[in-house]
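The values are calculated or read from the model by the stated rules, or taken from the named source; none is laboratory data. Computed from a predicted structure; not experimentally measured. Glycine gets a Cβ as well: all are built from the backbone with ideal geometry, and neighbour counts include every protein chain shown. When the accessible area is computed, the model is the full protein with side chains, heavy atoms only, and any ligands, DNA or RNA have been set aside. Shrake-Rupley method; radii C 1.70, N 1.55, O 1.52, S 1.80 Å.
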Amino acid sequence: MFEETNMKTVSAEMLGTFFLVFFGIAAFASADDAFAGALTLGLTLMVLMHVFGPISGCHLNPAVTIGNMMSKKTSQDDAICYIAAQVVGATLGWFLLSYLDPNRANAITMMDGDVAILVAAAVGTMFFVMTLLSTQDPFAVGAALFVVSSAAFHDVNPGVALGEMVFDMDFAFFGVIGSVVGAFLGWAVKENCLD
């Protein structure tokens with residue numbers, strides 16, 4: 001059992017569901033405007049389909065996986081692993097969101113503000129770099145930037161953060177460090193999970 005299951009596809013389902021919850025569902029749930037929330041959710045899914053679609057089919061939903069299994073497009077073993085990965089990814093997404101306030105980039109309910117900035121910048125940059133390394137489609141790249149920006153994780157460019165720091169004499173150290181950490185994480189995800 002599970003001998004023929006490709007863990008790369010299972011990892012793609014877990015990561016994709018994590019990002020769907022972390023960016024898409026959270027933006028939809030916290031948006032004052034239903035249209036803006038729905039747009040962010042839709043663009044998040046578009047980016048994820050570009051990045052994870054070629055790997056796992058980008059189910060990101062047990063109902064989709066069950067439908068694929070019933071139509072013999074996904075094996076029973078793969079379906080079980082996909083669903084487990086989707087639940088784990090969603091749980092991790094909600095767990096991290098429980099510490100972040102998606103309405104403000106530097107507000108944390110349970111973490112220190114500087115740690116919040118670092119975590120937000122790292123996750124946002126990881127998502128953006130992973131997208132850039134996976135596709136050159138300008139719509140997907142633009143959508144990824146929109147998603148990250150609309151989720152208030154604007155510190156995905158350490159150059160911009162450093163320029164702001166110099167211009168305003170504002171110490172944006174944690175945003176810069178988070179962006180650099182996120183860049184390495186995005187590369188690591190692309191190299192080790194997606195390739």
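Here is a check on your reading of the model: is I55 surrounded by 18 or more Cβ atoms within 10 Å (Cβ to Cβ), among the β-branched types (V, I, T) and closer than 14 Å to L96 by Cα? So I55 fails the test.
The condition of being among the aliphatic types (A, V, I, L, M) and either touching a residue at least 24 places away in the same chain (Cβ under 8 Å) or open to solvent by less than 40 Å² (accessible area, probe 1.4 Å) (or both) holds for only one of V64, V21, that being V21.
Evaluate the following for L48: is it crowded, with 22+ Cβ neighbours inside 10 Å and outside any helix (DSSP H, G or I)? Full working, then the answer.
Values: crowded, with 22+ Cβ neighbours inside 10 Å: yes; outside any helix (DSSP H, G or I): no.
So L48 fails the test.
Restricting attention to region 109-124, does a residue exist that is open to solvent by 60 Å² or more (accessible area, probe 1.4 Å), under 18 Å from the mean Cα position of the chain (by Cα) and modelled with pLDDT under 90? No, region 109-124 contains no residue that is open to solvent by 60 Å² or more (accessible area, probe 1.4 Å), under 18 Å from the mean Cα position of the chain (by Cα) and modelled with pLDDT under 90. Note on region 53-100: residues that are outside any helix (DSSP H, G or I), out of contact with any strand residue (DSSP E or B) (no Cβ under 9 Å at 6 or more places or on another chain) and not basic (K, R) total 9.
Within region 67-90, the set of residues being among the polar types (S, T, N, Q), over 14 Å from M14 (Cβ atoms) and touching a residue at least 40 places away in the same chain (Cβ under 8 Å) comprises S75 only.
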